[in-house]
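Engineer: Following this message is one structure expressed as C-alpha cells.
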Amino acid sequence: IDHYLGKELVENLSVLHFSNLVFEPLWSRNYIRNVQLIFSEDFGTEGRGGYFDNYGIIRDIMQNHLLQILALFAMETPVSLDAEDIRNEKVKVLRSMKPLKLQDVVVGQYKGHSKGNKSYSGYTDDPTVPNNSVTPAFAAAALFIDNARWDGVPFLMKAGKALHTKRAEIRVQFRHVPGNLYKKTFGTDLEKATNELVLRVQPDEAIYLKINNKVPGLGMRLDRTDLNLCYSTRYRGEIPDAYERLLLDAIEGERRLFIRSDELDAAWSLFTPLLKELEEKKVAPELYPYGSRGPVGAHYLAAKHNVRWGDLSGEDS
C-alpha cells in the first residue's frame, strides 16, 4: 500500500486531466514547460533517526510517493477505470523514463540552527544517528520521460525534512505565451507572466490556477491572480484519511490504488543504480540550516534545467 495514492488530491489528478476539456489538450510537452513534485516537512527525524538512517529520503518519499504521483500525472488515457488498465499505463510511464544520473540529483542534510530563543538539533545530533552519516534528509532530482508526449519536459522532485514549511503539492508550469503583447507590463521577470496549475495535496487541500489579470483602474497594470478551489470552503464534509480509503478498497477487492509487482520493479530499477552510486561514492550531502528552504544546490539544479521552484516565490509560502 502506498498511502499517498489514497489522498484526495492524488485521486482527483486523473479526474482533472481526463474529464476536463480545458486541461486535456494542454497535458503535453507542447504547453507544459515543467512539472514539480514537492514534499516538505517542517520537522526532523525526531527520535526516528535510527530507523530513517537506514533508508534516507529517496527511499522514504521519492521512490514511492512522488514517483507514483508522477506516473499518474504523466500516463496516457487508460482503456477504462479498471485497475489493470490504469496500472498498465503507469508501468508504461515508468519504463519510458531515462536513467537517473548523479549530476541531476542533489542531496542534503539539515544542521543545527538557532531561531530566536529556540535551538534546533541537526540530523547527526540525534543520538540514534552515526556522527559520520551521509544519509540524505533532503533530495532533489530532475527526471525525464522518453516518449512522444513528454520528451524534453523536466519533472523535478524535491523532498526534505526540517524545511521552512509542511506541504505536498504538484505544480505544473506552462510555457510562456508566444509574442506576449503584455510582456512590457511585467518588466523583465517573465516568470510572473507564467500560468501555473497547483494541486496542494496537504495541508489545506486546494487546486488553483495562476492567471494574468488586469488590475482595475485607468492604467494598464497586470497582476497574477488565482482561480482557486479551496476544499475546506467548497466541501463542508470531512475529507477521509488516505488509509481509510485504501483499507476500504482492500476489503472490497478494489486494486486500482495498489501497486503491481512490475510497477515496483520499474520504480526500483530507476532509483537503485542512483542509490548504489550515492552509497558507493559516499556522496557528502550539502548541509542546510534547520527550518530553511533547503540546500542551495537544489536551486542550481532547477536553474540548470531552466526551472524556478514554484514554492519559493513568497506568495505561496
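The values are calculated or read from the model by the stated rules, or taken from the named source; none is laboratory data. Source: prediction; values computed, not measured. Neighbour counts are summed over all protein chains in view; Cβ atoms, including those assigned to glycine, are modelled from backbone coordinates with ideal geometry. Please note that ligands, DNA and RNA were not included when accessible areas were found on the heavy atoms of the full protein model with its side chains. Shrake-Rupley method; radii C 1.70, N 1.55, O 1.52, S 1.80 Å.
Engineer: Quick one: among ALA141, ALA193, ALA298, which has the greatest mean-square fluctuation in a GNM of the chain with alpha-carbon springs under 10 angstrom?
Structural biologist: ALA193
Engineer: For the chain, what is one quarter of the convex hull surface built on the Cα atoms, given in nm²?
Structural biologist: Quarter of the Cα hull surface area: 19.1 nm².
Engineer: Which percent of the accessible area of the stretch 44-164 is formed by carbon and sulfur heavy atoms (probe 1.4 angstrom)?
Structural biologist: Roughly 47 percent of what the probe reaches on the stretch 44-164 is carbon or sulfur.
Engineer: Over the alpha carbons of the stretch 210-310, what is the largest minus smallest coordinate on each principal axis, giving the biggest first in Å?
Structural biologist: Projected onto its principal axes, the Cα set of the stretch 210-310 covers 61, 46, 28 Å.
Engineer: Ignoring ligands, DNA and RNA, what percent of the 1.4 Å accessible area of the stretch 196-299 is carbon and sulfur?
Structural biologist: The C+S portion of the solvent-accessible surface of the stretch 196-299 is 55 percent.
Engineer: Hey, another quick one. Please go through the residue pairs LYS115/LYS276; LYS115/LYS282; LYS98/LYS166; LYS166/LYS282; LYS118/LYS281; LYS7/LYS90 and name each one whose alpha carbons sit more than 25 Å apart in this structure.
Structural biologist: Over 25 Å Cα-Cα: LYS115/LYS276; LYS115/LYS282; LYS98/LYS166; LYS166/LYS282; LYS118/LYS281.
Engineer: Could you check the spin-label model distance between HIS176 and VAL296? Points 7 Å from the Cα along Cα→Cβ, value in nm.
Structural biologist: The modelled label-to-label distance comes out at 2.7 nm.
Engineer: Right, something else. Out of GLY108, GLY47, GLY116, any idea which swings most in a Gaussian network model of the chain, alpha carbons joined below 10 Å?
Structural biologist: Comparing GLY108, GLY47, GLY116 in the GNM, the peak value goes to GLY116.
Engineer: Gaussian network model of the chain, Cα springs within a sub-10 Å range: biggest mean-square fluctuation belongs to which of GLY217, GLY50, GLY297?
Structural biologist: For the chain, modelled as a Gaussian network with Cα springs under 10 Å, the answer is GLY217.
Engineer: Grab the alpha carbons of the stretch 93-152, take their convex hull, and tell me the volume per residue in Å³.
Structural biologist: Value for the stretch 93-152: 144 Å³ per residue.
Engineer: Which whole-number value in Å² is the accessible area per residue of the chain, probe 1.4 Å?
Structural biologist: Here the residues of the chain average 50 Å² of exposed surface.
Engineer: Per the Debye formula with a single identical scatterer at each Cα and no solvent contribution, what log10 I(q)/I(0) holds for the stretch 1-106 at q = 0.16, 0.21 Å⁻¹?
Structural biologist: The calculated log intensity ratios at q = 0.16, 0.21 Å⁻¹ are -0.88, -1.32.
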